[in-house]
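First up is the structure itself, then whatever we jot down about it.
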Amino acid sequence: MKVMFICTGNICRSAMAEAIMKEEAQKRRLNIEVCSSGTFAENGEFASYNAIEAMKKNDIDLKSHRSTNIVNSDILEMDLVLCATVSHKVSVMSMYPEIKEKVYTMKEYAEILGENKDYDIKDPWGYNLDTFLYCAQEIKMCVNKTLDKIQSTNN
């Protein structure tokens, strides 16, 4: 199975989601290929400092992450595309209508409705480490529920 995470710059949310899913899938011994990209990403950018720090507190090394713009990605080969927000989902579906049935927000696919009854994972960029840690916790919850769902459909 191939999973891609999408956000805007591919230096915070989708980068953390990719790293978390790789870690959790490995713990579960699942054969899942995971990648990420951004709708407005510059290719080759490092993850943001606070994303690296938040992942470090989760015992995950994000220092080697490099951003990828969605147009330079293998999105058409994915089995599942998980977006940080509804607006990312809309963008992806308008850019790639042929895969629209594979595109969800992270919370939508994980069946987690946000506090304000929304499916968005808020952008932590420019905020403090606590905001990034909260964002990472939200993503990890989505990733674990997603992996549960993948495991239950493959058994």
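The values are calculated or read from the model by the stated rules, or taken from the named source; none is laboratory data. As the structure is a prediction and not an experimental result, all values here were calculated from the model. Because the Cβ atoms are built from the backbone with ideal geometry, glycine has one as well, and the counts that use them run over all protein chains shown. In case anyone asks, the SASA skips ligands and DNA or RNA and just uses the protein heavy atoms, side chains included. Shrake-Rupley method; radii C 1.70, N 1.55, O 1.52, S 1.80 Å.
For the reader, a short list of remarks on this structure follows.
- Neighbourhood charge, 13 Å Cβ-Cβ cut-off, centred on Tyr109 and excluding it, Lys, Arg +1 and Asp, Glu -1: 0
- In the chain, the portion of solvent-accessible area held by carbon and sulfur atoms comes to 48 percent [1.4 Å probe, whole percent, DNA, RNA and ligands not counted].
- Heavy-atom surface of the chain, accessible at 1.4 Å and reported per residue (Å²): 53
- Here segment 139-155 and segment 13-80 have alpha carbon centers that stand 17 Å from each other.
- Listed by chain and number, the lysines whose alpha-carbon sits under 27 Å from that of Lys57, ignoring those within fewer than 8 places in the same chain, are Lys2, Lys22, Lys27, Lys107, Lys122, Lys140, Lys145, Lys149.
- The GluC sites (Glu not before Pro) of segment 68-152 meeting both criteria, a DSSP state outside H, G, I, E and B (loop) and at most 14 other C-beta atoms within 10 angstrom of the site's C-beta, are Glu111, Glu115.
- With distances taken between every two different alpha-carbon atoms, the chain has a Kirkwood hydrodynamic radius of 15.1 Å.
- Under 5 Å, built H, 5+ apart or other chain: amide partners of Ser36: Phe5
- R0 of 25 Å, Cβ-Cβ distance Asn72-Lys100: FRET efficiency to nearest 0.05: 0.75
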